[in-house]
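Visitor: A single structure is presented below for examination.
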Amino acid sequence: MSSRVETFTPANTPHPIGPYNHIAKVGQFISIGGTAGVDPATGELAGPDVYSQTKQILESFKVMLEAVGSDLNHVLHVNVFLKDMQDFESMNRAYIEQLGEHRPARTVIGVNELPKPGVLLTMNLTAVTLEAS
C-alpha cells in the first residue's frame, strides 16, 4: 500500500473557503473534509433549508468519491455538524434519500456557528475505494 497522501479538490465540486483540499487519499482510504451545501455551478447555497443543503452535500460527496474510485456505498463514517437540532429530521430525510439502504457509522454534532453565512450544516466522511471491498 502506498503511504503517499494525495490531496485535491475535483473541478466540479464547491471551492474550499480555506487553505485545504476536500479530498485526502492514501492507499484505499479516503477522507473528505467539511463540505457545505454549496452548488458548485453557482457558488451559492443550494437552498435556504437543511433538506436542500444536505442533498447538495451528498451530491458533492458522490462526485468527490467517484474522482477517487469510490461511491456512497463505500462510506465508513459520516460526521454531521448541525446548527439547529430541530433540523435533524429534515437532514435525515435527505440523507436517507441519497444513501438508500447503506447506513455507515455516523455522528451528529450540534454547533454554534459555521464559517460560511447561511450554512446550516456541514458534513465530512471517511470511505474506502471500490477495490477495498
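Visitor: Can you tell me which condition Ser3 does not meet? The list is (1) over 21 Å from Leu130 (Cβ atoms); (2) out of contact with any helix residue (DSSP H, G or I) (no Cβ under 7 Å at 6 or more places or on another chain); (3) in a loop (DSSP other than H, G, I, E, B), and all the others hold.
Guide: Just one mismatch for Ser3, condition (1).
Visitor: Can you tell me which residues in the range 89-105 are touching a Leu at 6+ places or on another chain (Cβ under 9 Å) and more than 18 Å from Gln56 (Cβ to Cβ)?
Guide: His102, Pro104, Ala105
Visitor: Give the range 40-85 a look and list any residue that's over 12 Å from Val119 (Cα atoms), of a type in the set (D, E, K, R), touching a residue at least 40 places away in the same chain (Cβ under 8 Å) and surrounded by fewer than 18 Cβ atoms within 10 Å (Cβ to Cβ), or say none.
Guide: Scanning the range 40-85 gives a single hit, Asp71.
Visitor: Of these, Glu131, Glu89, which one is modelled with pLDDT under 95 and charged (D, E, K, R)?
Guide: The conditions single out Glu131.
Visitor: Looking at (1) outside any helix (DSSP H, G or I); (2) surrounded by 15 or more Cβ atoms within 10 Å (Cβ to Cβ); (3) modelled with pLDDT of 95 or more; (4) out of contact with any strand residue (DSSP E or B) (no Cβ under 7 Å at 6 or more places or on another chain), find the lone condition where Pro10 falls short.
Guide: (3)
Visitor: Just a yes or no: is a residue in the range 111-129 exposed (fewer than 14 other Cβ atoms within 10 Å of the Cβ), more than 25 Å from Gly18 (Cα to Cα) and among the small types (Gly, Ala, Ser)?
Guide: Within the range 111-129, not a single residue is exposed (fewer than 14 other Cβ atoms within 10 Å of the Cβ), more than 25 Å from Gly18 (Cα to Cα) and among the small types (Gly, Ala, Ser).
Visitor: Another question, then. What pairs can you find where one residue is in the range 105-122 and outside any strand (DSSP E or B), the other is modelled with pLDDT of 95 or more and aromatic (Phe, Trp, Tyr), and their Cβ atoms are less than 8 Å apart, with a gap of 6+ or different chains?
Guide: Val111/Phe81; Leu114/Phe81
Visitor: Return the only residue of Lys25, Lys83 being touching a strand residue (DSSP E or B) at 6+ places or on another chain (Cβ under 6 Å) and basic (Lys, Arg). Quick ask: steps written out before the conclusion?
Guide: On the way: Lys83 fails: touching a strand residue (DSSP E or B) at 6+ places or on another chain (Cβ under 6 Å).
Testing whether each residue is touching a strand residue (DSSP E or B) at 6+ places or on another chain (Cβ under 6 Å) and basic (Lys, Arg) leaves just Lys25.
Visitor: A follow-up question, please. Pick from the range 36-68 the residues that are small (Gly, Ala, Ser) and in a loop (DSSP other than H, G, I, E, B): which of them is nearest to the chain's Cα centre (by Cα)? Break it down into steps so the answer makes sense when it comes.
Guide: Here is the first cut: in the range 36-68, the residues small (Gly, Ala, Ser) are 36-37, 41, 43, 46-47, 52, 60, 67.
With in a loop (DSSP other than H, G, I, E, B) added as a condition, the list becomes 37, 41, 43, 46-47.
Values: Gly37: 9, Ala41: 17, Gly43: 16, Ala46: 14, Gly47: 16 Å.
Once the filter is applied, the top-ranked residue is Gly37.
Visitor: For Lys25, only one of the following conditions fails: (1) assigned to a helix (DSSP H, G or I); (2) closer than 18 Å to Thr129 by Cβ; (3) among the charged types (D, E, K, R). What is its number?
Guide: Looking at each condition in turn, Lys25 falls short on (1).
Visitor: Here is a further query. When you check Gln98 against the structure, is it under 19 Å from Leu45 (Cα atoms), among the polar types (S, T, N, Q) and either free of Cβ contacts under 8 Å to residues at least 60 places away in the same chain or touching a Phe, Trp or Tyr at 6+ places or on another chain (Cβ under 7 Å) (or both), yes or no? Before you say what the answer is, go through the steps one by one.
Guide: On the way: under 19 Å from Leu45 (Cα atoms): yes; among the polar types (S, T, N, Q): yes; either free of Cβ contacts under 8 Å to residues at least 60 places away in the same chain or touching a Phe, Trp or Tyr at 6+ places or on another chain (Cβ under 7 Å) (or both): yes.
So Gln98 passes the test.
The values are calculated or read from the model by the stated rules, or taken from the named source; none is laboratory data. Remember, predicted model here, so these are calculated numbers, not experimental data. Positions of Cβ are backbone-derived with ideal geometry, glycine not excepted, and every protein chain shown enters the neighbour counts.
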